[in-house]
Amino acid sequence: MCLEKRLEPDIEKHQTKEQAGFRPGFSTIDHIHTIEQIVEKYQEFKSSLYLVYVDYAKAFDSITHESIWQALKHQNIPDIYVNIIKNMYLKSTSRVKLDRLGPKINIRRGVKQGDLLSPKLFIAVLQNKMKNLKWEGKGINIDGKYLSNLRFADDIVLFSTSSKQLEEMLTDLSDSSNTIGLLLNTSKTKVTTNS
């Protein structure tokens, strides 16, 4: 808990308003209301709206440890803390028991379940990838600013006014996510439209 409290301000200052998951002062309920209002306004003005609800397969179990170190470095986390976290993760092993206990297996993916720091590490990794997507001018225009996505920790909603643009954004997100170990769960990723 001590490490989480020390790192939270640094991780927090790199997050954007699009991420509501695991953040002080943010509520995923607010994002849900925002989506409802967007859908309502686009229906009222009979404008085309396309949304994709993105779900990752086993998101918290899948991100690579290397992506954690990179995200922390890019978010200016002091080396002493990065090294403490690396040490915690590099010593992680698992064993499978069938008839007898199997050999130790080094764990190279995922964040530790139940650790208070894990959600912060996850959103740091996701933000590190999201900031590199070339989505300027993509999404929906709200008072002269574009909103391309809203995030609920590991669940993401993408917005667009065209199916072609939405498809491009989904491809960009999928390709970028794959580099950190995240795979889209195609059976749970859903597209909706009012057109």
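FYI, it's all coordinate maths here, none of it is from the lab. Fair warning: this is a prediction, and the values are worked out from it, not measured in the lab. Note that each Cβ is placed from the backbone with ideal geometry, even for glycine, and that neighbours are counted across all protein chains shown.
How would segment 1-108 be classified by its alpha-carbon gyration tensor: rounded, prolate or oblate, with rounded meaning a/c under 1.5 and the a/b versus b/c comparison settling the rest?
It comes out oblate by the Cα gyration axes.
Ordered by residue, what ³J(HN,Hα) values in Hz, to whole numbers, does segment 33-47 give under the Karplus form 6.51 cos²θ - 1.76 cosθ + 1.60, where θ = phi - 60° and Gly and Pro are x?
4, 4, 4, 4, 5, 4, 4, 4, 5, 5, 5, 4, 8, 6, 9
As a footprinting exposure proxy, order 6, 100, 109 by other Cβ within 10 Å, with the fewest listed first. Kindly include the intermediate steps, with their values, before the conclusion.
Details: 6 14, 100 6, 109 18.
Ranking 6, 100, 109 by Cβ neighbours within 10 Å, fewest first, gives 100, 6, 109.
Using modelled amide H (1.01 Å from N, peptide plane; none on Pro or chain starts), what sits under 5 Å from the amide H of residue 156, excluding residues fewer than 5 places away?
HN-HN under 5 Å from residue 156: 54.
Can you tell me the orientation of helix 118-130 relative to the chain, as the angle in degrees between its alpha-carbon axis and the longest Cα principal axis, to the nearest 10?
Rounded to the nearest ten degrees, it is 50.
Need one word for segment 2-193: rounded, prolate or oblate. Basis is the Cα gyration tensor (sqrt eigenvalues a ≥ b ≥ c); a/c below 1.5 gives rounded, then a/b vs b/c decides.
In terms of gyration-tensor shape, prolate.
Taking amide hydrogens as modeled 1.01 Å from N in the peptide plane, which residues meet the under 5 Å criterion relative to residue 149, leaving out close sequence neighbours?
Close amide H contacts, sequence-distant or interchain: 159.
Which of 3, 170, 150 comes first, and how do the rest follow, when ranked by fewest Cβ neighbours within 10 Å?
On the way: 3 15, 170 18, 150 22.
Ranking 3, 170, 150 by Cβ neighbours within 10 Å, fewest first, gives 3, 170, 150.
Tell me the label-point distance for the pair residue 190, residue 113, using the 7 Å Cα-to-Cβ offset, in nm and rounded to one decimal.
So the two model labels end up 2.6 nm from each other.
Determine ³J(HN,Hα), in whole Hz, for all residues of segment 82-98 in sequence, where each value follows from phi through the Karplus function 6.51 cos²θ - 1.76 cosθ + 1.60 and θ = phi - 60°; x replaces Gly and Pro.
4, 5, 4, 5, 4, 4, 4, 7, 5, 8, 6, 9, 9, 9, 9, 10, 10
What angle, in degrees between 0 and 90 and rounded to the nearest 10, separates the Cα long axis of helix 2-12 from the longest principal axis of the Cα atoms of the chain?
Roughly 30 degrees, rounded to the nearest 10.
Take 108, 95 and order them by how many other Cβ atoms sit within 10 Å, fewest up front.
Ascending number of Cβ neighbours within 10 Å: 95, 108.
Mind grabbing the base-10 log of I(q)/I(0) for segment 112-164 at q = 0.24, 0.25, 0.32 Å⁻¹? Debye formula, identical points on the C-alpha positions, no solvent, two decimal places.
Rounded to two decimals, the profile gives -0.97, -1.02, -1.27.
Step through the table entries 112/145; 41/164; 91/138; 86/164; 86/145; 129/188, compare each Cα-Cα distance with 31 Å, and write down the pairs that go over it.
112/145; 91/138; 86/164; 86/145
With everything on Cα atoms, drop me the angle between helix 163-178 and the longest principal axis of the chain, reported from 0 to 90° to the nearest 10.
10
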